[in-house]
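Participant: This structure is in structure tokens; I'll ask about it shortly.
The values are calculated or read from the model by the stated rules, or taken from the named source; none is laboratory data. Given the structure is predicted, the values throughout are model-derived calculations rather than measurements. Glycine gets a Cβ as well: all are built from the backbone with ideal geometry, and neighbour counts include every protein chain shown. Heads up: the accessible areas ignore ligands, DNA and RNA and are worked out on the full protein's heavy atoms, side chains in. Shrake-Rupley method; radii C 1.70, N 1.55, O 1.52, S 1.80 Å.
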Amino acid sequence: MLTRRQLFNATAVSVIVGAAVSGATLPRLTTPAKADDTASAADLAQASPDGDVVLGSDKAPVTIIEYASMTCPHCADFSITTFPELKRRYIDTGKVRFIMREFPLDVLAATGFMLARCAGKEKYMAVVETLFAKQADWIVKEPVPPLKEIAKQFGFTDESFNQCLTNQKVLDDIQAVRDRAVQKLAVNSTPTFFINGKKLVGDVSIEEMAKEIEPYLKAG
């Protein structure tokens with residue numbers, strides 16, 4: 001079992017590919033407990049080191065921030081069943097500004113986010129949504145071949161795929177997002193949402209989201 005420090009140092013980056021190729025059991029990342037469950041606007045506003053991936057209008061009256069893990073089945077369910085309707089009703093209509101942030105719960109989840117980051121901001125959400133939709137295909141004993149096939153849909157070659165998964169800065173930036181969420185926002189599970197600062201945990205339905213969103217729209 002690797003510690004967080006061991007997992008996210010330069011030498012251990014190779015574990016992502018090595019463990020996947022060998023079919024080894026992937027280590028889980030531990031999450032330190034945090035007693036204070038409040039989140040300040042300043043802490044929520046701080047972007048990821050590589051910049052936030054934002055959908056929707058900057059003038060939207062509601063901001064939703066999601067912390068997700070690529071290997072989380074509840075995150076996948078939200079992406080497949082709830083997010084399309086959220087996007088249709090609120091994001092595409094300028095009512096909601098949506099931000100996805102990385103909170104990998106294991107090595108393989110970090111791998112998925114690394115590929116999304118390496119694909120670039122314009123393709124980031126498309127990669128994330130595809131990985132969630134095909135989660136059952138690549139969370140397998142040998143995940144590298146299916147991950148490569150998915151990555152090729154977004155322009156990756158074998159060379160750029162390997163370069164991405166050995167890019168220490170990409171991994172460090174993802175870990176920084178996760179650590180900050182733990183330390184400043186008391187995030188300890190996925191998915192976790194902040195809707196204009198209010199924390200909601202779990203696979204939230206569109207009806208539950210609408211309850212939080214609509215009052216801001218009426219007030220505006």
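Participant: Read phi for every residue in the stretch 142-156 and hand back ³J(HN,Hα) as whole Hz from Karplus 6.51 cos²θ - 1.76 cosθ + 1.60, θ = phi - 60°, with x for Gly and Pro.
Facilitator: Result, rounded to whole Hz: 10, x, 4, x, x, 5, 5, 5, 5, 4, 5, 5, 10, x, 6.
Participant: Report the local net charge at residue 204: Lys and Arg +1, Asp and Glu -1, summed over other residues whose C-beta lies under 13 Å from its C-beta.
Facilitator: Around residue 204, the charge tally is -4.
Participant: What is the sum of charges, Lys and Arg at +1 and Asp and Glu at -1, for the other residues whose Cβ falls under 12 Å from the Cβ of residue 216?
Facilitator: Taking every Cβ under 12 Å from that of residue 216, the sum is +3.
Participant: Could you state the accessible area per residue of the stretch 68-220 in Å², with a 1.4 Å probe and every protein chain left in place?
Facilitator: On a per-residue basis, the stretch 68-220 sits at 42 Å².
Participant: Can you pick out the pairs among 59/199; 123/184; 87/184; 141/184; 59/87; 198/218 whose Cα atoms lie more than 23 Å from each other?
Facilitator: 123/184; 87/184; 141/184
Participant: Another one. Rounded to the nearest 10 Å², what accessible area does residue 142 show when all protein chains are kept and the probe is 1.4 Å?
Facilitator: 100 Å²
Participant: For the modelled label position 7 Å from the Cα of residue 207 along Cα-to-Cβ, which residues of the stretch 62-93 have backbone nitrogen atoms closer than 15 Å?
Facilitator: Output list for this probe position: 82.
Participant: For the stretch 157-220, what is the convex hull (Cα atoms) projected area averaged across all directions, in square nanometres?
Facilitator: About 6.9 nm², averaged over all directions.
Participant: Rounding to the nearest 20 debye, state how big the charge dipole of the stretch 67-220 is about its Cα centre with +1 on each Lys and Arg Cβ and -1 on each Asp and Glu Cβ.
Facilitator: Charge dipole of the stretch 67-220: 560 debye, to the nearest 20.
Participant: Under a point spin-label approximation (7 Å from Cα along Cα-to-Cβ), what is the residue 52-residue 167 distance to one decimal in nm?
Facilitator: Rounded to a tenth, the inter-label distance reads 2.2 nm.
Participant: Let me ask something additional. Largest first, please: the extent of the C-alpha atoms of the stretch 105-190 along each principal axis, to the nearest Å.
Facilitator: 37, 26, 23
Participant: Restricting things to alpha carbons, find the Rg to Rh ratio for the stretch 44-182 using the Kirkwood radius for Rh.
Facilitator: Here Rg/Rh amounts to 0.95.
Participant: Using a basic spin-label model with each label point 7 Å from the Cα along Cα→Cβ, how many nm lie between residue 81 and residue 219?
Facilitator: Each label point is offset 7 Å from its Cα along the Cβ direction, giving 3.0 nm.
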